[in-house]
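First up is the structure itself, then whatever we jot down about it.
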Amino acid sequence: MKKPTYTLPIEKEENIKISKPLDTAVGMRAVTSSFANGLEQMDWLKCSKAFLTLNQTKGFDCPSCAWPDPKPSERSSIAEYCENGAKAVAEEATESRVTPDFFAQHSVAELNTWSERDLGKTGRITHPMILRKGATHYEPISWEDAFKHIGKKLNKLKSPDEAVFYTSGRTSNEAAFLYQLFVRQLGTNNLPDCSNMCHETTGMGLSNTIGIGKGTVKLEDFYIADLVIIMGQNPGTNHPRMLSALQKTKRNGGKIIAVNPLEETAFKKFKNPQEIRGWIGSGTPVSDLFLQVKINGDLALLKAIMCQLLEMEEENPGTIFDHEFIKKHTDGLEELIADLKQQDVWELSEASGIPMGEIQQAAEMISKGKRMIICWAMGITQHENGVANVQEIINLLLLRGSIGIPGAGACPVRGHSNVQGDRTMGVWEQLRPELKKRMEEKWDFEAPEEDGYNAVTAIQAMHDNKVKVFFSMGGNLLLAAPDTEYTAKGMRNCDLTVMVSTKPNRNHLVTGKEAIILPCLGRTEKDIQAMGEQFVSVENSMGIVHKSEGVLPPASEHLMSEPKIVCELAKATLGKKTKVDWQAMSGNYDLIRDNIEECITGFDDYNERVRRKGGFYLPNGPREQNFTTKAGKAHFTLNEVPDHTLKAGEYLMTTLRSHDQFNTTIYDNNDKYRGIENGRRVAMMNADDLKAAGLKQGDYVDLVSHYNGVKRVAPQFMIVKYDIPQQSIATYFPEANVLVPIDQYSKTHTPASKSVVVTLRKEVV
Ligand SMILES: Nc1nc2c(c(=O)[nH]1)N[C@H]1C(S)=C(S)[C@@H](COP(=O)(O)OP(=O)(O)OC[C@H]3O[C@@H](n4cnc5c(=O)[nH]c(N)nc54)[C@H](O)[C@@H]3O)O[C@H]1N2
Ligand SMILES: Nc1nc2c(c(=O)[nH]1)N[C@H]1C(S)=C(S)[C@@H](COP(=O)(O)OP(=O)(O)OC[C@H]3O[C@@H](n4cnc5c(=O)[nH]c(N)nc54)[C@H](O)[C@@H]3O)O[C@H]1N2
Ligand SMILES: [Mo]
C-alpha cells in the first residue's frame, strides 16, 4: 500500500476483471439482484415491507434519484422501483449497527485505512458520538450535551460567518426549511449544498434564458414526444426508472438521440421488469442515433446542429424555425443567426468529434417534429462552460418552439432525491429577497443580506483558516468535493466538524480538531414526535411535491429526526434571541408546513394538498410559455465554443459513477454494464491512444493533473481499453477527485469534474 498523503487508503487493486460491456439494461438480471442485495442486509419480512411501500401513497419516497413516479396521480404501481433504488433502501434498512462499542474497538486512525465500501458496510450509527480534541477514538455523548457543545462553539465565534452549514440533497423540505431559518437567524448565508457541485450551472443557465431554474416538462410529455435527446446522462445506472418513460416514447413512435463519449448500455437495449414482455422479450432498442462526442464537445455539436438547421430554414423559409413562437416569446434571434453564420461547421464537427454526416442526420431528426425534449445531467453541467452548455440547449429548443407545449421542453435530470426541494426551501448561499422579507416580518429579525459561501468558496475559506465550525446536514463533502487533499486540509483546519449522518463515511475520520456525529432517522423509518407519527415531503425532478412516510422501526432508539435535530440545535444556540417556536414545530410537522406556506410561493394549502394522492405541482411559468425573465421573454444567447487544444501526451478526463455506488457511498466494486469488476481505480482509454503511448490493458499508471502549474497525482490506476473518443479518459468519482482542481470551475463555481486535463506516468516498479 502506498503511503496516503491525506489519509485516504490507496490500495493497488490486482484482481480487476474486464469483460465486454453489456448491451441490455435493467431486465430480469437487475430485478433478481435487487432482492439479493436486500436480503443480504435484512430479513425477508423487513425486506418485503420496505420494498412494498417504496414510492407508495402510504410509504416513503425512494432515497435514490429524483425521477418522478410513473403515475403522478396515484404514485407508483407496487414494486415500481429500480435495482439501484433497492440498493439505496437496503443500505439504509441494513441490520448492521455501528455502536459505541464499535468506536471503542476501532480508532479513527485504523478506520481511516478502511475503504469507503467497508466503512459503509459497517451499518447504521446508533448513538451521538464525539471525538474530543487529541483523542484517538470517538466516545458517546448525550444529545443534550452535544447540542450545548455545538451551541457554545457557535456563540463564541467572532462572526457567524466563521461557520459553514452544508446540505446534501436527501434532506426533506421540512428539515431544509428549518435549517436555513436557523442559519439565517444565526446571521449567515453560508449554506453551500451538493447542488453547487451538481446542477448549479443548470439553475443559472435556465434562469438566464427562460426565467426559472427548473425543467419545464412533465413525465407525460415523454409519452407523446417525437424526439428525446439525452445528453451527458447515464440513465441505466443513475435514473433507471426513466427507462420506462423512454420505452413509452419509443412505443408511441418517438425517436431517441443519445449524446455521450461512452455508449452506455441503456442506449442499446432495455428490458422492463414490470412487464411480462420485459422478462422474456429481447428488449426495446433505445437510441436511434448515438453521437459519440468528445468530452466537452457538446457545445460545438449543438452549434453545428443549429448551423445545419439554419441552412435548412434558408432553403425552405418558415419550415424549420417556429417564427410565430419566436416573435411572440423570445428576443435575440438576429444575434444568434449572425453568430451561427460566422461559424465554420467543419471546425465545429472537429471540435465535437461528430462527423458531418451524423450532424446532418441529427438535424433531420430534429426538424421532423416540434415535440422535442432535451434531457441532460452531469456530462453537461460539470464543465467550466456548464452554464453555456445549458444555454445552448435552450437556444435549440427555442428555435423550434419546443418549449411550453405538450411533449416538449427542457428536462434537467436531477440527482439527489430532494435536491430540488432543498433549494426551493431556501437552502442556498444566496437568500432570495422574497423569502428574506417574509421570514423577517414573521419572526422579527434581520436576515443577512450578503451572499454566503458556496461549496468551493467554503472549502477555500476553511483552507485559509477563515472557518471554525463546519456543520453538515447529510452528505460527505470531503469526498464529493474536488481536490481531496486540499479539502482535507480545510476540514482539519476547523475547530469543530459536525456531521448529521446515517452511516460512517470518510468525513467522520478526516475532521476538525473536535468532531461530532449526530445519527439521524432515514427515509425508510417511522418518525414519532410529541404529537404522534409524522411524515415529511419532497420535490421531485419535475416539480411535484409529495409526502414521504417511513414504515420501518428506527435503527436505534437513540436516533433523532433531522427536523428535530435542527430545532434542538436552534434552541441550544439561539436561546432567547429567537421568536420561532422551535419546540412546537419539532413535535408537529404540520406547523412547519404552515410556516413554509407563509414564506414560500406555491405552497398554498400545503398541509391539505400534500396529503392528496400523488401530491401537487409547483407553479412553473415557462411550462405555459410564460417566460418569467425581467423582459417577460425567453432569451437566445451567444455562447463560445470551449477550446481544448491538447498537447501530445495530454488527455481530457471525465469522472463518472459506476453502477454500484450512490455518489460517495460505494455499494460494491463492480460496474456491470461497463464490464468492469472487482475494482474502481481504472482509467478507461481509447485503443489507438494506448498503442501510441505504448500501453496496454492491465498496465498501471499514475494520473497527473497540472492545472495552473499545480501538480496533483492519483496513483495506481489500471488501464482498461474502452470505446471512448481519442485523447479522452474516464475514471470514477470519488477516486479521481484528488485530480480535480479546486480553482477550475464554471461561472457558478461548479467544479469542472468532467473536463480535467491529465497526463500519464507509467508506474515505476
Ligand atoms: N444509482 C445511482 N443513482 C444516482 C446517483 C448515483 O451515484 N448512483 N447519483 C445521483 C446524483 S447526485 C446525480 S447528479 C445523478 C447523476 O447522473 P449522471 O449525470 O448520469 O451521472 P454520471 O455518472 O456523472 O454520468 C454522466 C454521464 O455523462 C457522460 N459524460 C461525461 N462527460 C461528458 C461530456 O463531456 N459530454 C457528454 N455529453 N457526456 C459526458 C458519462 O459518460 C456518463 O454517461 O444521478 C443520481 N442518481
Ligand atoms: N469528481 C466528481 N465529483 C463529484 C461528482 C462527479 O460527478 N464527479 N458529482 C457531484 C454531485 S452531482 C453531487 S450531488 C455530490 C454529492 O455529494 P454529497 O451529497 O455530499 O455526497 P453523498 O455521497 O450523496 O452523501 C452520502 C452520505 O450521506 C449520509 N446520508 C445518507 N442518507 C442520509 C439521510 O437520510 N440523512 C442524513 N442526514 N444523511 C444521510 C450518509 O452518511 C452518507 O455517507 O458530489 C459531487 N462530486
Ligand atoms: Mo448530484
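Derivation of every value follows stated rules applied to the coordinates shown; laboratory data play no part. Model, not experiment: these values are computed from the prediction. Note that we place each Cβ from the backbone using ideal geometry, even for glycine, and neighbour counts take in every protein chain shown.
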task: Express the relative contact order of region 446-523 as a whole percentage, based on alpha carbon pairs under 8 Å and six or more residues apart in sequence.
output: 28
query: Over region 497-545, what is the percentage of antiparallel beta bridges among all DSSP beta bridges, to the nearest 5?
result: 45
- request: Classify region 194-254 as rounded, prolate or oblate from the Cα gyration tensor: take a ≥ b ≥ c as the square roots of its eigenvalues, call it rounded if a/c is under 1.5, otherwise prolate when a/b beats b/c and oblate if not.
  value: oblate
Radius ratio Rg over Rh of region 457-602, counting only Cα atoms, Kirkwood formula for Rh: 1.01
- request: Report Rg (one decimal) and Dmax (nearest whole number) for the chain, counting Cα atoms only, units Å.
  value: 25.0, 76
- line: Total charge of the residues flanking Met378 in space, meaning their Cβ is under 10 Å from its Cβ, with Lys and Arg +1 and Asp and Glu -1, is +2
task: Give, as a single signed number, the net charge of other residues whose beta carbon lies under 15 Å from the beta carbon of Arg132, with Lys and Arg counted +1 and Asp and Glu -1.
output: +1
- prompt: What pairs in Lys158/Lys466; Lys156/Lys571; Lys672/Lys721; Lys250/Lys271; Lys153/Lys513 have C-alpha atoms more than 19 Å from each other?
  reply: none
task: Just report the Cα centroid separation between region 467-483 and region 425-464, whole Å.
output: 17
message: With a cut-off of 8 Å between alpha carbons and a minimum separation of six or more residues, what is the relative contact order of region 664-719 in percent?
response: 31
task: With both partners inside region 200-412, how many of the DSSP beta bridges are antiparallel, as a percent to the nearest 5?
output: 10
message: Between Glu334 and Glu220, what is 0.36 nm times their sequence separation minus the Cα-Cα distance? Round to one decimal in nm.
response: 37.7 nm
statement: Here the gain from full extension of Arg612 to Gln625, 0.36 nm per residue of separation minus their alpha-carbon distance, amounts to 2.0 nm
- prompt: Average projected area of the Cα convex hull of region 629-765, in nm²?
  reply: 11.1
field: Spatially proximal aspartates and glutamates relative to Lys328 (Cα-Cα < 15 Å; intrachain offsets below 8 disregarded)
entry: Glu624
statement: For region 674-765 the GluC sites (Glu not before Pro) that pass both the DSSP coil test and the at-most-14 other-Cβ-within-10 Å test are Glu763
query: How large is the helix-only mean residue ellipticity at 222 nm for the chain, computed as the sum of -39500 (n - 2.57) over DSSP H runs with n ≥ 4, divided by its residue count, in deg cm²/dmol to the nearest 500?
result: -10000 deg cm²/dmol
- line: If each K or R counts +1 and each D or E counts -1, the residues other than Gly151 whose Cβ falls under 11 Å of its Cβ total +2
query: Using alpha-carbon positions, what is the distance between the centroids of region 93-111 and region 529-597, in Å?
result: 28
Spin-label model distance (nm) - Lys368 vs Met531, 7 Å beyond Cα toward Cβ: 5.5
- line: Percent relative contact order for the chain, counting Cα pairs under 8 Å at least six residues apart, stands at 21
task: Taking each pair of different alpha-carbon atoms in region 200-412 once, compute 1/r for the pair, average those values, and report the inverse of that mean as the Kirkwood hydrodynamic radius in Å to one decimal.
output: 17.3
message: Please report the antiparallel percentage of the DSSP beta bridges confined to the chain, to the nearest 5.
response: 45
